[in-house]
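Comments concern the structure below.
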Amino acid sequence: MRPKRILIVEDESLIAYDLAGSLEHLGYEVAGIATSGEDAIRMVEEDRPDLILMDIILDGEMDGIETAREIHNRHNIPVIYLTANADEATVTRARDTAPHAYITKPTNERELFSNIDTALYKHHVDEKLRKTKEKYQSLVEEINDLVFEVDENGLLTFANPVVENMSGYRLNEFIGRSFFDFIHKDDLPMVMERYQKLKTGFGTPGEFRIITRSGATKWMRSSSRP
């Protein structure tokens with residue numbers, strides 16, 4: 001397995017080279033040292049690192065936070081901030097860029113390794129979850145059955161595109177409304193009773209009618225689970 005490649009973004013050369021030495025001692029590969037936000041963005045575009053150590057305070061037009069935000073908008077690369085002393089407003093701005101960790105300067109190798117190892121692992125797990133979610137989303141959107149979710153109050157929180165052909169409603173008109181708004185009035189008591197049982201952990205199949213946007217009636221056979 002190749003060593004993880006880490007880009008250092010630090011405009012103080014002594015600190016940058018000290019960090020580079022520590023990273024190499026810990027078994028990482030230094031992807032490069034950027035001294036400005038513009039340099040960091042260019043280096044990320046040319047040679048994608050696995051992780052970025054980003055000094056919050058950088059000289060130039062872009063500080064570390066703006067640089068991290070720009071990189072985050074283009075690439076899915078974890079960022080760890082380096083900071084000597086940041087005020088509350090700066091920390092709040094930094095938090096909006098979803099960093100994986102903060103490391104206080106001067107750094108020590110134990111803290112450096114712990115934060116980098118945790119950030120890389122979390123990023124790996126997040127990537128697996130993202131790909132699983134995309135695969136599930138693609139599957140749900142491509143099947144011919146209607147798949148939908150309701151919350152504990154009966155409000156629709158998700159539906160696949162099949163709902164548009166089945167009901168005549170657009171997805172954005174369907175999501176957020178009460179599921180019971182679409183049920184035929186004669187079937188509503190039965191559907192609400194099944195829904196209450198479902199909330200206690202008992203899902204049962206059943207049939208009921210819905211009213212489409214045009215006012216037509218359609219039968220549905222459903223299977224539900226909590």
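The values are calculated or read from the model by the stated rules, or taken from the named source; none is laboratory data. The structure displayed is predicted, hence computed values, not measured ones. As a convention, Cβ positions derive from the backbone with ideal geometry for all residues, glycine included, and neighbour counts pool all protein chains shown. Accessible surface is based on the protein model in full, side chains and every heavy atom, while ligands, DNA and RNA are left aside. Shrake-Rupley method; radii C 1.70, N 1.55, O 1.52, S 1.80 Å.
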| task | Classify segment 1-123 as rounded, prolate or oblate from the Cα gyration tensor: take a ≥ b ≥ c as the square roots of its eigenvalues, call it rounded if a/c is under 1.5, otherwise prolate when a/b beats b/c and oblate if not. | result | rounded
| request: For the chain, with a Gaussian network of springs between Cα atoms less than 10 Å apart, report the residue from SER13, SER167, SER214 with the top mean-square fluctuation. | output: SER214
| request: Please report how far the C-alpha centroid of segment 98-113 lies from that of segment 54-69, rounded to the nearest whole angstrom. | output: 17
| In straight Cα distance, which lysines are under 20 Å from LYS218, not counting same-chain residues fewer than 8 positions off? | LYS185
| task | Identify which of the listed values of Cα extents along the principal axes in Å was calculated from the structure shown: (1) 77, 35, 33; (2) 93, 51, 31; (3) 57, 36, 33. | result | (1)
| note | Between the modelled labels at ASP151 and THR217 (7 Å from Cα along Cα→Cβ) the distance in nm is 3.2
| request: Kindly identify segment 132-214 as rounded, prolate or oblate by the Cα gyration tensor criterion: order the square roots of the eigenvalues as a ≥ b ≥ c, call it rounded if a/c is under 1.5, otherwise compare a/b with b/c, prolate if a/b is larger, else oblate. | output: oblate
| field | Helix-only [θ]222 nm of the chain, DSSP H runs n ≥ 4, -39500 (n - 2.57) each, per residue, nearest 500 | value | -13500 deg cm²/dmol
| said: Straight-line reach only, C-alpha to C-alpha below 23 angstrom: list the lysines that LYS4 could link to, leaving out same-chain residues fewer than 8 apart. | reply: LYS105, LYS122, LYS128, LYS131
| Helix 13-25 axis, angle to the chain major axis (alpha carbon atoms, nearest 10°) | 70
| query | Helix 109-142 versus the longest principal axis of the chain: what is the Cα-based angle in degrees, 0 to 90, to the nearest 10? | reply | 30
| request: Using the Cα centre as the reference, give the magnitude of the dipole from point charges on the C-beta atoms of the chain (Lys, Arg: +1; Asp, Glu: -1; all else neutral), rounded to the nearest 20 debye. | output: 1740
| remark: Of the candidates ALA94, TYR195, SER22, the farthest towards the positive dipole end of the chain (Lys/Arg Cβ +1, Asp/Glu Cβ -1, centred on the Cα centre) is TYR195
| message | As I understand it, the value is the acute angle between the Cα axis of helix 188-199 and the longest principal axis of the Cα atoms of the chain; what does it come to in degrees, rounded to 10? | response | 40
| request: Could you provide, to the nearest whole Å², the per residue accessible area of the chain with probe 1.4 Å? | output: 61
| message | With +1 on the Cβ of every Lys and Arg and -1 on the Cβ of every Asp and Glu, and nothing else charged, how large is the dipole of segment 1-110 about its Cα centre, in debye rounded to the nearest 20? | response | 580
| query | Rounded, prolate or oblate: which fits segment 64-151, taking a ≥ b ≥ c as square roots of the Cα gyration tensor eigenvalues, rounded meaning a/c under 1.5, else prolate when a/b beats b/c? | reply | prolate
| Most mobile of THR92, THR35, THR118 in a GNM of the chain (Cα contacts under 10 Å) | THR92
| query | Which FRET efficiency value, to the nearest 0.05, do you get for GLU38 and GLU193 by plugging their Cβ-Cβ distance into 1/(1 + (r/R0)^6) with R0 = 45 Å? | reply | 0.10
